[in-house]
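A.B. asks: Take this structure first; my questions come after.
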Amino acid sequence: MTDFEAKGQAFWQWLEKNGATLSNGIGFKDYRSEGAGRGVVATRDIKEDEELFSIPRPLLLSVETSKLRDALTGDDVLDKMTGWSPLILCLMYESQRDDSFWKPYFDVLPKDFSTPMFWSSDDIKELEGTDIVEKIGKKEADEIFSQEIEPVIKNHPNLFDPAVHNLDLFHRCGSLIMAYSFHDEKDGEDEENADTDKEDEEDEDEEAPPKELLAMVPMADMLNHKTGYNNARLFHESDCLRMKAIKDIREGEQIYNTYGDLCNADLLRKYGFADENNPFDLCELNGGQVIDMFAKDDKLRDKKIEFLMEEEALDDCFVVDTDHVLPDELVSTLHVLRASAGEFKQMERKQKLPKAQVTAPVIDMAIDILQARLKRYPTSLDADMTELQQNCNTNKRHALLVRIGEKQIIHNTIDKLQQEQGKRSNDDDGGSESTNKRQKTA
């Protein structure tokens with residue numbers, strides 16, 4: 001038995017010993033050769049709605065269940081922390097304790113990560129042109145460590161060792177939460193997305209009900225994600241979290257949860273991989289750059305920006321996806337930006353955005369935006385496609401998949417707009433010809 005298998009077996013036994021129920025139709029499988037690490041496989045045919053496993057709530061690792069709160073006697077520092085910091089600190093504490101209740105769980109969690117947070121500077125260069133680099137957040141994370149986490153570590157030498165509980169461990173625990181945590185909901189609803197829209201967790205939702213708790217859920221996070229292959233879903237019940245099959249699963253098939261309908265850029269940033277031909281891919285068009293392109297010297301620039309923001313049309317970015325359709329907000333924004341002083345005055349008087357009609361001038365402006373977006377990449381789509389067919393390291397391959405997906409969206413959207421241009425031009429020519437014929441006949 002390999003060390004990988006032994007740790008998986010010990011984790012399985014720990015789960016059963018502590019009240020988890022595990023179907024005899026599932027088992028662990030080593031998918032490292034496919035770049036997916038440990039996964040869950042069907043060891044027999046499984047029927048839709050069949051229970052795969054259930055995890056009692058005491059097994060969840062959260063700020064409420066970690067022993068750190070008790071160890072910090074008389075110190076309410078966890079309650080004063082913001083965002084993910086309390087759970088990160090709990091993971092830093094529990095993961096380094098040989099006597100931690102969750103040690104068998106930590107033994108099967110990854111120690112190394114393939115997310116851009118841990119890439120070399122050379123690998124990061126492969127992401128040039130994408131928006132991932134600005135979203136990695138390493139600098140911001142470093143500041144959180146120095147401002148919130150490090151002071152607690154230094155103030156409690158009986159609980160933490162600065163040589164062990166350091167910045168590197170902080171990043172690894174933060175990445176575990178990014179990739180593996182769930183929102184624990186006790187209302188019995190199903191967990192539609194395995195990561196519970198953690199992209200929104202980064203900007204705390206003030207309307208989120210207080211009964212939600214960010215937690216690590218042993219076993220639930222063993223299921224991998226593959227776009228279009230989701231066949232299981234997690235359900236929250238009062239005493240446990242239950243994973244069920246949402247379709248028939250054949251023996252030998254991998255069991256997949258879903259991380260949500262995410263584009264490759266988000267999959268790579270959060271989970272360290274990208275899917276080929278991802279139907280949920282998208283490309284972001286920077287809102288500020290759109291303004292600069294068409295209102296740089298406009299005397300009404302500030303007023304137009306204020307108007308667009310009040311009408312909720314202008315945002316940090318506009319999104320174009322695999323439908324290759326310009327978002328209404330972008331179309332309306334372009335109408336406002338090209339409006340004359342008189343036209344804009346009417347818009348202000350009506351306090352209403354112009355209709356999102358894709359007119360000929362809007363098409364021209366949109367094509368200019370998309371072509372400018374393409375220029376951000378140092379390589380062409382054809383070059384990327386060729387390079388993808390060659391042997392390259394995993395990070396480069398994932399970066400190529402992100403770049404290719406975004407570029408294909410841009411190229412296809414430009415093609416679609418140019419076809420619309422040509423169609424309108426032909427219609428205009430045909431209309432003129434018909435008019436001339438009628439005049440000659442008369």
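The values are calculated or read from the model by the stated rules, or taken from the named source; none is laboratory data. Since we're looking at a predicted model, the values are computed, not measured. All Cβ positions, glycine included, derive from the backbone under ideal geometry; neighbour counts span all protein chains shown.
A.B. asks: What pairs come out if I take residues in the stretch 158-171 that are over 16 Å from residue 117 (Cα atoms) and pair them with residues that are of a type outside the set (A, V, I, L, M) and not in a loop (DSSP other than H, G, I, E, B) whose C-beta lies under 7 Å away, six or more apart or interchain?
C.D. replies: These pairs meet every condition: 159/93; 162/154.
A.B. asks: Another question about this same structure. When residues of the stretch 313-331 are filtered for being among the acidic types (Asp, Glu) and at pLDDT 95 or above, how many remain? Give the steps one after another, and end with the answer.
C.D. replies: Initial filter on the stretch 313-331 (among the acidic types (Asp, Glu)): 315-316, 321, 323, 328-329.
Within this subset, residues satisfying the condition of being at pLDDT 95 or above are 321, 323, 328-329.
Residues flagged as among the acidic types (Asp, Glu) and at pLDDT 95 or above within the stretch 313-331 amount to 4.
A.B. asks: Next up: Only helices (runs of 4 or more DSSP H) wholly contained in the stretch 270-373 count here; list those with 2 or more residues that are polar (S, T, N, Q) and more than 30 Å from residue 179 (Cβ to Cβ).
C.D. replies: On the way: elements: 287-295, 301-310, 328-338, 341-350.
Correct list: 328-338.
A.B. asks: From the list 61, 78, which one is over 24 Å from residue 254 (Cα atoms) and touching a strand residue (DSSP E or B) at 6+ places or on another chain (Cβ under 6 Å)?
C.D. replies: On the way: 78 fails: touching a strand residue (DSSP E or B) at 6+ places or on another chain (Cβ under 6 Å).
None of the other options fit; the residue is 61.
A.B. asks: Go over the candidates 320, 325 one by one and state the one that is closer than 30 Å to residue 225 by Cβ and surrounded by fewer than 19 Cβ atoms within 10 Å (Cβ to Cβ).
C.D. replies: Testing whether each residue is closer than 30 Å to residue 225 by Cβ and surrounded by fewer than 19 Cβ atoms within 10 Å (Cβ to Cβ) leaves just 325.
A.B. asks: Could you count how many residues in the stretch 386-423 are over 21 Å from residue 371 (Cα atoms) and either surrounded by 14 or more Cβ atoms within 10 Å (Cβ to Cβ) or not β-branched (Val, Ile, Thr) (or both)? Explain how you work it out, then say what you get.
C.D. replies: Taking the stretch 386-423 first, the residues over 21 Å from residue 371 (Cα atoms) are 386-398.
Next, only the ones that are either surrounded by 14 or more Cβ atoms within 10 Å (Cβ to Cβ) or not β-branched (Val, Ile, Thr) (or both) stay: 387-393, 395-398.
Qualifying residue count, the stretch 386-423: 11.
A.B. asks: Being touching a His at 6+ places or on another chain (Cβ under 9 Å) and over 21 Å from residue 102 (Cβ atoms) narrows it down to one residue among 79, 30, 75, 45; which is it? Spell out how you get there, then give the answer.
C.D. replies: Working: 79 fails: touching a His at 6+ places or on another chain (Cβ under 9 Å); 30 fails: touching a His at 6+ places or on another chain (Cβ under 9 Å); 45 fails: touching a His at 6+ places or on another chain (Cβ under 9 Å).
Of 79, 30, 75, 45, the one residue that is touching a His at 6+ places or on another chain (Cβ under 9 Å) and over 21 Å from residue 102 (Cβ atoms) is 75.
A.B. asks: Pairs only if they're at least six apart or on different chains, beta carbon under 6 angstrom, first in the stretch 268-279 and over 12 Å from residue 224 (Cβ atoms) and touching a residue at least 12 places away in the same chain (Cβ under 8 Å), second among the hydrophobic types (A, V, I, L, M, F, W, C) and in a loop (DSSP other than H, G, I, E, B); list them, first residue then second.
C.D. replies: Going by the 6 Å Cβ cut-off, the qualifying pairs are 268/274.
A.B. asks: Same structure again: Cβ-Cβ below 8 Å, separation at least six or inter-chain, first residue in the stretch 135-147 and in a helix (DSSP H, G or I), second charged (D, E, K, R): which pairs?
C.D. replies: 135/269
A.B. asks: While we're on this one: What about residue 128, is it among the charged types (D, E, K, R), part of a helix (DSSP H, G or I) and surrounded by fewer than 19 Cβ atoms within 10 Å (Cβ to Cβ)? Can you show your working first?
C.D. replies: Working: among the charged types (D, E, K, R): yes; part of a helix (DSSP H, G or I): no; surrounded by fewer than 19 Cβ atoms within 10 Å (Cβ to Cβ): yes.
The answer is no for residue 128.
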